[in-house]
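The values are calculated or read from the model by the stated rules, or taken from the named source; none is laboratory data. These numbers were taken from a predicted model, which means no experiment stands behind them. Here the Cβ is made from the backbone with ideal geometry for all residues, glycine too, and neighbour counts use every protein chain on show.
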Amino acid sequence: MTKQQLMVEGVSKRFGGVVANDNISLSVPEGSIVGLIGPNGSGKTTLFNSIVGYHPIDQGSIRFEGAEISTLRVPEIARLGMLRTFQQTRIYDKMTCVQNMQISVPHNKEGFGAMFSKSHPKIMKKADSLLAFVGLYAKRYLLAGDLSFGQQKLLEFAMALMNEPKMLLLDEPTAGINPTLINGLIDRLKRSNADLGITLFVIEHNMRVIMDLAEHIYCLAHGELLAEGPADEIRDDQRVIDAYLGAN
Ligand code: ADP
Ligand code: MG
């Protein structure tokens, strides 16, 4: 039987008069790749923010590996092994790739303090091996600001992996990336799942990408869960097609 690593039940979140998430329930099985789609403004990013503890929810329950986390904050949830990346890249332009990796040292190892310094050989080794994993080893001493946008996204992904997460929430990982580089990123995401065992929950606007990546897809519209199912069913679901057409 598959174990549900993340369970969201009846979650609602409003901003003033805007109901950004209305009674959302979904689950992400351990070891899976699950997609979250929906037109702009449908509440996808808000749901991720609620899950990782960026803001309190108004109603509902969020459980990670069986434990209620809806009252915890970002650093506490990160220590449990769940992290998110952002729609906008968050790297330090004036630092090298390796330095960006060093400052991404695990939240769960912060307690080691000076004993586990950011230039500890173990950390340097891990930074190098993850930069190799995303294909940036040859560029590791370049300033992050000198990388192409697609390479910066790969760096950001490698930075998240420094934390050895159990589950990663990726908010539009391919947004703004040149189509020819997208396949490389998809491949890395799949390998992080298959080889490193990381569960992925992915918001994606690009239908081709999410169909390629995800086994199971949830679709939001106007803050509500519109549809869910296997990728090929969702692609042909008239409600999903209408929601996207209606948004354009
Ligand atoms: P998506 O990621 O699907 O494009 P969002 O979750 O960003 O959608 O937004 C859902 C709705 O919530 C939108 O109407 C948006 O304007 C609103 N919203 C999101 N964040 C905030 C905020 N911090 N304050 C006020 N309204 C917000
Ligand atoms: Mg968004």
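Here are the numbers for this structure:
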{"quantity": "Where a residue in the stretch 31-51 is assigned by TED's automatic domain parsing to the domain that holds Ser12 and its partner, wherever it lies, is assigned to a helix (DSSP H, G or I) and within 11 Å of ligand 2 (Cβ to nearest atom), with Cβ under 8 Å and at least six apart", "calculated": "Leu36/Lys44; Leu36/Leu47; Leu36/Phe48; Ile37/Lys44; Gly38/Lys44"}
{"quantity": "Verdict on Ile186 being over 13 Å from Val134 (Cβ atoms) and either in contact (Cβ under 8 Å) with a residue 40 or more places away in the chain or in the same structural domain as Thr46 (by TED's automatic domain parsing) (or both)", "calculated": "no"}
{"quantity": "Residue that is nearest to Val18 (Cα to Cα) [pool: residues in the stretch 30-55 that are in a loop (DSSP other than H, G, I, E, B) and more than 8 Å from ligand 1 (Cβ to nearest atom)]", "calculated": "Tyr54"}
{"quantity": "Flag if Ala243 is buried (at least 16 other Cβ atoms within 10 Å of the Cβ) and modelled with pLDDT under 95", "calculated": "yes"}
{"quantity": "The stretch 7-33: number of residues that are surrounded by 22 or more Cβ atoms within 10 Å (Cβ to Cβ) and touching a Phe, Trp or Tyr at 6+ places or on another chain (Cβ under 9 Å)", "calculated": "3"}
{"quantity": "Of the criteria (1) surrounded by fewer than 23 Cβ atoms within 10 Å (Cβ to Cβ); (2) in contact (Cβ under 8 Å) with a residue 40 or more places away in the chain; (3) out of contact with any helix residue (DSSP H, G or I) (no Cβ under 6 Å at 6 or more places or on another chain); (4) outside any strand (DSSP E or B), which one Gly60 fails", "calculated": "(4)"}
{"quantity": "Lone unmet requirement of (1) under 16 Å from Phe157 (Cβ atoms); (2) within 16 Å of ligand 1 (Cβ to nearest atom); (3) modelled with pLDDT of 75 or more; (4) not polar (S, T, N, Q) for Val74", "calculated": "(1)"}
{"quantity": "Scope the stretch 63-96; condition assigned to a loop (DSSP other than H, G, I, E, B), under 30 Å from Arg140 (Cα atoms) and touching a residue at least 40 places away in the same chain (Cβ under 8 Å); matching residues", "calculated": "Gly81, Phe86, Gln87, Thr89, Arg90, Ile91, Tyr92, Asp93, Lys94, Met95"}
{"quantity": "Selection status of Lys125, modelled with pLDDT under 95, among the basic types (Lys, Arg), away from ligand 1 (no atom under 16 Å from the Cβ) and not in a helix (DSSP H, G or I)", "calculated": "no"}
